[in-house]
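Please read the structure below before turning to the comments.
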Amino acid sequence: MQPELTPEFVTDALAESILDPRRRALYDLCFQHRNHLDETATAEKLRRIVRLYAEYDGCSLSPEAEARRLGRSGVDSWFGLLASAEALDALQLLQTHRRLMAVFADLDEAEARSLASKYLHFHFPELFPVYDAVVAPAAARLAGDECPDEDAPAPDPAYARHVTCCRRVTEQLRPEVGRRLGPRELDLLLRAWSERAAAAPGLLRPAALPTLRV
């Protein structure tokens with residue numbers, strides 16, 4: 001039997017954000033250094049992402065090399081459009097994610113998808129949900145049959161499906177918590193739910209992503 005998403009469960013999961021200074025520090029760093037003029041600051045943002053997520057343990061990803069690629073890309077113009085737009089549609093967000101995946105082209109597709117989602121999330125925590133081997137299966141499981149197939153037309157179908165699943169989960173939770181959770185809160189909730197569900201064999205679907213290469 002899967003864990004219930006009661007108001008108490010949600011409250012406890014969201015309280016974790018107060019207890020994790022590394023996560024708060026990363027949000028602050030990305031807010032203070034949204035542009036990519038300083039490769040040292042960009043590398044530090046990537047380094048902190050690597051430290052924060054267990055999937056990167058032993059990974060050969062080089063923050064310095066990725067920082068150089070980001071500095072030579074058009075990422076600042078993409079971020080400028082996100083920050084200044086009066087209204088954003090889903091396609092624009094998905095296109096930005098796909099462009100960032102292309103910057104991380106030295107990684108395999110699954111790794112690039114995960115890193116791009118995290119990098120965007122910490123710069124725009126209310127716009128981009130995180131995608132990785134923990135939260136993607138949890139969101140899909142909780143959303144049930146409400147998500148489209150991964151072959152639906154989209155810049156990156158796998159991430160598009162995850163975004164839809166996250167949106168469905170937030171709508172399902174709205175009556176329970178009295179408001180719509182943002183991607184920042186939903187990430188914490190999905191991780192807490194996944195951790196509790198891990199003790200129940202067969203509850204979650206197989207991990208959507210492989211562990212990053214050592």
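Read the figures in this text as sums done on the coordinates, not as results from a lab. The structure displayed is predicted, hence computed values, not measured ones. Here Cβ is always computed from backbone atoms with ideal geometry, including for glycine, and neighbour counts include all displayed protein chains.
Ranked highest first by average number of other Cβ atoms within 10 Å, how do 104-116, 130-142 line up? Intermediate values should be presented prior to the final figure.
Values: 104-116: 19.5, 130-142: 24.5.
Put in order of decreasing packing, that is 130-142, 104-116.
Any idea what diffusion coefficient region 11-122 gets from Stokes-Einstein, in µm²/s, Kirkwood Rh on alpha carbon pairs, 37 °C, 0.692 mPa s?
In µm²/s, the coefficient is 221.
What does the net charge come to around GLU64 if you take all other residues with beta carbon closer than 11 Å to its beta carbon, with K and R at +1 and D and E at -1?
On the way: positive: ARG47, ARG68, ARG69; negative: GLU39, GLU44, GLU66.
Once positives and negatives cancel, what remains is 0.
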Once the dipole of region 68-119 is set up with Lys and Arg at +1 and Asp and Glu at -1 on Cβ about the Cα centre, which of PHE79, LEU107, ALA90 lies farthest towards its positive end?
-> LEU107
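Compute the signed sum of charges (Lys and Arg +1, Asp and Glu -1) over the other residues within less than 11 Å, Cβ to Cβ, of PHE9.
Net of charged neighbours comes to -3.
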Lys and Arg at +1, Asp and Glu at -1: neighbours of HIS97 with Cβ under 10 Å from its Cβ sum to +2
Among 45-54, 117-126, what's the highest-first ranking by average C-beta atoms within 10 angstrom per residue?
-> 117-126, 45-54
